[in-house]
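Scroll down for the structure; my scribbles are underneath it.
The values are calculated or read from the model by the stated rules, or taken from the named source; none is laboratory data. If you're wondering where the values come from, they're calculated on a predicted model, not measured in any experiment. Here Cβ is always computed from backbone atoms with ideal geometry, including for glycine, and neighbour counts include all displayed protein chains.
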Number of protein chains: 2
Amino acid sequence: MRLRELETLAAIFETGSASEAARLLGVTQPAISRTLARLEEKLGFELFNRVNGRLVTTRRAEAIRAEVQNLLDGLHNLTRITDQLSKGRVGELRFGCARPSCSNSLLQEDRRCSNSQARHGSTGQGRS
Amino acid sequence: MRLRELETLAAIFETGSASEAARLLGVTQPAISRTLARLEEKLGFELFNRVNGRLVTTRRAEAIRAEVQNLLDGLHNLTRITDQLSKGRVGELRFGCARPSCSNSLLQEDRRCSNSQARHGSTGQGRS
DNA sequence: TAAAAATACTCCATAGGTATTTTAT
DNA sequence: ATAAAATACCTATGGAGTATTTTTA
């Protein structure tokens, strides 16, 4: 169960066709068809019936629709968090201290359980 | 943000080392190290500090730990559902009907909005 | 004819393996 | 010497593209 497969599935749910799903995801129609075909093969059952050249949602597909959307929502939330964590460094502060022992006790690096290993030096960098 | 990256991250969280995470996921240690390195590169910040040859969780990694676990739990739930949907066909029932029109009105195939297209025939297969 | 889906290729990035190196205990 | 992590090199596969075919309205 790949992530791209979930995104593809959700896009087809949302748009109702492989062609529209392709536009939504910014890829080509064959990419959607193949990903869907491989997913159905792995799952062991059909997610859409091909009727009159169109995709028609099966009952089994409907049964997992909510959970798929749930997962994608959670993933987007995680992405939002990591984006903030990466560009969200409030600024890099630089400290000066007369004695090495001072910086050791005052500076907290972005690590855990390793205070005793902090390297000695009169200058340190702290991240907020 | 690949799925395998989330699984790798969770495994390191759980075991505390890349080697143990590798055993947990049934892959080799280099596989874990590389996946982690690529994830950190994409995210733009470090998830673990390499201190004395060991991985030590950063604050940023702690900040996403719960959400990562959430997503994996949701995925496992989805997998459980699809497993049941695939092997969970209660049995294949076979019906016989004197007149074709009878099976048309009584049998519901695993498709939607296509009753008018159901093929005629005195025998049909229904999935529960 | 137009539109949707499927198929047949080709290409590249990811994920995996084995072997080896580096570093710290 | 051991153990953890990183690195180098190789292979397989998933996902993407373009081009084409099939089918139906």
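Within region A:4-20, take every residue that is in a helix (DSSP H, G or I) and among the polar types (S, T, N, Q) and give me the one that is farthest from the chain's Cα centre (by Cα). It would help to see each step written out before you state the result.
Taking region A:4-20 and keeping what is in a helix (DSSP H, G or I), we get A:4-15, A:18-20.
Next, from what is left, pick out any that are among the polar types (S, T, N, Q): A:8, A:15, A:19.
Working: A:8: 15, A:15: 22, A:19: 24 Å.
This residue is A:19.
Listed here are the residues, each with its yes/no results for (1) surrounded by 16 or more Cβ atoms within 10 Å (Cβ to Cβ); (2) under 21 Å from residue A:80 (Cα atoms); (3) at pLDDT below 50.
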position: B:28; (1), (2), (3): no, no, no
position: B:40; (1), (2), (3): yes, yes, no
position: B:69; (1), (2), (3): no, yes, no
position: B:89; (1), (2), (3): no, no, no
position: B:106; (1), (2), (3): no, no, yes
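Count of region B:17-46 residues, restricted to those that are within 11 Å of DNA strand D (Cβ to nearest atom) and either touching a residue at least 60 places away in the same chain (Cβ under 8 Å) or at the interface with another protein chain (Cβ under 10 Å from one of its Cβ atoms) (or both), is 1.
Just checking, how many residues over region B:43-66 are part of a helix (DSSP H, G or I) and surrounded by 13 or more Cβ atoms within 10 Å (Cβ to Cβ)? Step through it out loud before you land on a result.
In the first step, residues of region B:43-66 are kept if they are part of a helix (DSSP H, G or I); the result is B:43, B:59-66.
Retained after the next criterion (residues that are surrounded by 13 or more Cβ atoms within 10 Å (Cβ to Cβ)): B:43, B:59-61, B:63-65.
Going through region B:43-66 one residue at a time, the tally reaches 7.
None of A:14, A:7 is among the acidic types (Asp, Glu) and either more than 12 Å from DNA strand D (Cβ to nearest atom) or touching a Gly at 6+ places or on another chain (Cβ under 6 Å) (or both) except A:14. Going by the conditions given, is residue A:55 within 12 Å of DNA strand C (Cβ to nearest atom) and over 24 Å from the mean Cα position of the chain (by Cα)? For residue A:55, the condition - within 12 Å of DNA strand C (Cβ to nearest atom) and over 24 Å from the mean Cα position of the chain (by Cα) - is met. Is it the case that region B:4-22 has a residue that's surrounded by fewer than 18 Cβ atoms within 10 Å (Cβ to Cβ) and at pLDDT below 95? For region B:4-22, residues surrounded by fewer than 18 Cβ atoms within 10 Å (Cβ to Cβ) and at pLDDT below 95: absent. Give me the pairs, please: first residue somewhere in region B:48-68 and within 16 Å of DNA strand D (Cβ to nearest atom), second residue anywhere and part of a helix (DSSP H, G or I) and among the small types (Gly, Ala, Ser), beta-carbon distance under 6 Å, and either six or more positions apart or on two chains. Close Cβ pairs (under 6 Å, with a partner that is part of a helix (DSSP H, G or I) and among the small types (Gly, Ala, Ser)) do not exist here. From the residues in region A:1-16 that are within 10 Å of chain B (Cβ to nearest Cβ) and among the charged types (D, E, K, R), which one is farthest from DNA strand C (Cβ to nearest atom)? The qualifying residue farthest from DNA strand C (Cβ to nearest atom) is A:5.
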